[in-house]
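Chemist: Please find one structure pasted underneath; my questions will follow.
The values are calculated or read from the model by the stated rules, or taken from the named source; none is laboratory data. Worth saying up front: this structure is predicted, and the values here are computed from it rather than measured. So basically every Cβ, Gly included, is an ideal-geometry build from the backbone, and we count neighbours across all protein chains shown. Calculation scope for accessible area: heavy atoms of the full protein, side chains included, ligands and nucleic acids excluded. Shrake-Rupley method; radii C 1.70, N 1.55, O 1.52, S 1.80 Å.
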Amino acid sequence: DHDEETSNTSESPESVSLADASAEKATQGSDTDLEVEDPEKAFVGITGTELYLEACRLMEVVPVSHFIQNLAKPYINLNHHGLGPKGVKAIAIALVSNATVTHLELEDNCILAEGAICIAEMLRENSSLQELNISNNHLDTAGAEAIASLLLDNMSYLHTLQLSGRLWLQLAGRSHCLCTFVSLQGNYQVKELDLSHNEFCEKGGQLLGQMLASNTTLEILDLSWNHLRRQGTVALGTGLRSNSALKVLNLSWNGVGNEGALALGEALKVNTVLVHLDISNSQINNEGAKKLCRGLEVNGKLKILKMANNPLTTEGATALVTSVRKNPKSMMEEINISNVLVNETFIKLLDLVCQTHPELDVIYGEVEGCIAKIPKQHPNPMKVIQNYLKEHNLRLWDFFRNIDKDGNMKIPVAAFQRAMMQQSSIPLDRVQIGELVRKLDRNRTGVVDY
């Protein structure tokens, strides 16, 4: 039944013009799936809910009550609603002239190429939608090309686009489909792009590396779970060297390896914008970590480095912390190597480094020899602070306000750690301060909201 419906509804998806369908005067006799006896009057004078209900009637689909209830709100979540191409087409018609909805979630709705083409047409007319999620929808080559063409023409107002999950059904179309995303080279609208779980492989990494070399707008890029290997990650590293916009890059669950780590290290020597790099689960060992450190020793911008679940030992962990120690310009706030078993020598080094870089938080695994022993007990850091305040007749509010220089009741974690490490009146060590931060920022937002 699904195949039959698809074949019946996708004869000529390019011929459907959503702008015409929702305009006050549709073109007489236009070749479209929305044809009725009098197309000029199909959508005359109706907007919002009425427009959507009329589109559903003509599409012969059941209206989605959640869409109707939220049509006047900025955020609509229709993930996993089983909309199909026709259901999405009705929604697209209703949104052509909508000026309220800014964030639309359409993940996992089997919209296929036909639905993607309708969404692209709608975005060419809509001037309000800024965030869109159409992940896991099997867009196929035609659908992906429609979205890519939209990006190339800079015809939408989107700044966040999620396209996670395989964009197409035919593996043979992978390279051709991916080539269309080089259109981002000239796009100056999209700031956040999720292309995770797309199996781009080496060719994908090479093309996306070319894109990074010239794109001047994209700030957040997720390429996790894409079967990227040596050549692909080396190309991405090369692109990063000349990139002047990207702040967050997720390459986790790829085969970055030691050569990829070397390329990223070389990029970090000259890149001055990247602040967050995730290369967790990327097959990087101690040798690769040392190659990455060549960039960390001179980089003055990177703040967060996630390297959990790589085959590192204390040797690699020591190299990472030492790179921060060698770099007076280092802005590093977090290094996540949570699976690594470290030793007492590493702990002593970390304590030493944190004296000059008090904002640094290194998340590691267990400490050798401490598993069999009774762990050293530290006084509850919050109790220590409360006792100090009680002794000096101070309020907790005053304690936080002294740290909060901006007075907005929110303190960045790095600034909080630095202030706590540098004060001498309350006896807290690095471990206690780390424990305190994890309690005050349970959701890892990077901010202590007191």
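Chemist: Decide, for the range 259-342, between rounded, prolate and oblate: order the square roots of the alpha carbon gyration tensor eigenvalues as a ≥ b ≥ c, take rounded if a/c falls under 1.5, and otherwise choose prolate if a/b is larger than b/c, else oblate.
Modeler: prolate
Chemist: While we're here: Given a 1.4 Å probe and the protein chains all in place, what does the accessible area of Tyr75 round to, in Å² to the nearest 10?
Modeler: That residue has around 110 Å² of solvent-accessible surface.
Chemist: Still on this structure, please answer the following. Sequence neighbours fewer than 8 away in the same chain don't count; with that in mind, list the lysines whose C-alpha is under 29 Å from Lys269.
Modeler: Here the lysines satisfying the reach criterion relative to Lys269 are Lys191, Lys203, Lys247, Lys290, Lys291, Lys301, Lys303, Lys306, Lys326, Lys329, Lys348.
Chemist: Roughly how many nanometres apart are two label points built 7 Å out from the Cα toward the Cβ at Glu199 and Ser242?
Modeler: 3.2
Chemist: Cα centroid distance between the range 126-163 and the range 372-450, in Å?
Modeler: 44
Chemist: Right, next: Amide H to amide H under 5 Å from Asn137: which residues, 5+ apart in sequence or cross-chain, H placed 1.01 Å off N in plane?
Modeler: Answer set, sorted by chain and number: Asp108.
Chemist: Relative contact order (percent) for the range 303-450, with alpha-carbon contacts under 8 angstrom and 6 or more residues of separation?
Modeler: For the range 303-450, the relative contact order is 21 percent.
Chemist: Would you kindly state how much longer the chain becomes between Phe400 and Asp351 on full extension, computed as 0.36 nm times their sequence separation minus their alpha carbon distance, in nm to one decimal?
Modeler: Residue separation times 0.36 nm, minus the Cα-Cα distance, leaves 15.2 nm.
Chemist: Compute the signed sum of charges (Lys and Arg +1, Asp and Glu -1) over the other residues within less than 12 Å, Cβ to Cβ, of Leu218. Write out the running numbers ahead of the final one.
Modeler: Working: positive: Lys191, Lys247; negative: Glu192, Asp194, Glu219, Asp222.
After counting each charged neighbour, the total is -2.
Chemist: Could you do me a favour and compute the accessible area per residue for the range 211-370, 1.4 Å probe, result in Å²?
Modeler: Result: 38 Å² per residue.
Chemist: Let me ask you something else. Between Val62 and Asn380, 0.36 nm times their residue separation minus their Cα-Cα distance comes to what?
Modeler: Net length gain for the segment: 108.7 nm.
Chemist: Suppose accessible area is computed on protein heavy atoms with a 1.4 Å probe; arrange Asp449, Asp406, Asp351 from highest to lowest.
Modeler: Per-residue accessible area, sorted high to low, gives Asp406, Asp449, Asp351.
Chemist: Let me ask something additional. Using amide H atoms built in the peptide plane, which far-off residues or other-chain residues are under 5 Å from Leu218 H to H?
Modeler: For Leu218, no residues qualify.
Chemist: Also, I was wondering about something else. How much net charge surrounds Ala308 when only the other residues with a Cβ under 15 Å from the Cβ of Ala308 are counted, with Lys and Arg +1 and Asp and Glu -1?
Modeler: Surrounding charge for Ala308 is -2.
Chemist: Further question: Taking Lys86 as the anchor, which lysines have their alpha carbon closer than 24 Å to its alpha carbon, excluding any fewer than eight residues away along the same chain?
Modeler: Candidates past the 8-residue exclusion: Lys25, Lys41, Lys73.
Chemist: Starting from the Cα-Cα distance between Thr445 and Gln422, subtract it from 0.36 nm times their residue separation and give me the gain in nm to one decimal.
Modeler: 6.0 nm
Chemist: If you count only protein heavy atoms and use a 1.4 Å probe, how large is the accessible surface of Trp253, to the nearest 10 Å²?
Modeler: 120
Chemist: I would also like to ask the following. Could you size up the charge dipole of the range 263-337 around its Cα centre, putting +1 on the beta carbon of Lys and Arg and -1 on that of Asp and Glu, and report it in debye to the nearest 20?
Modeler: It works out to roughly 260 debye.
Chemist: With all protein chains present, how much of the accessible area of the range 206-329 (probe radius 1.4 Å) comes from carbon and sulfur, to the nearest whole percent?
Modeler: Details: 2250 of 4560 Å².
The nonpolar share, carbon plus sulfur, comes to 49 percent.
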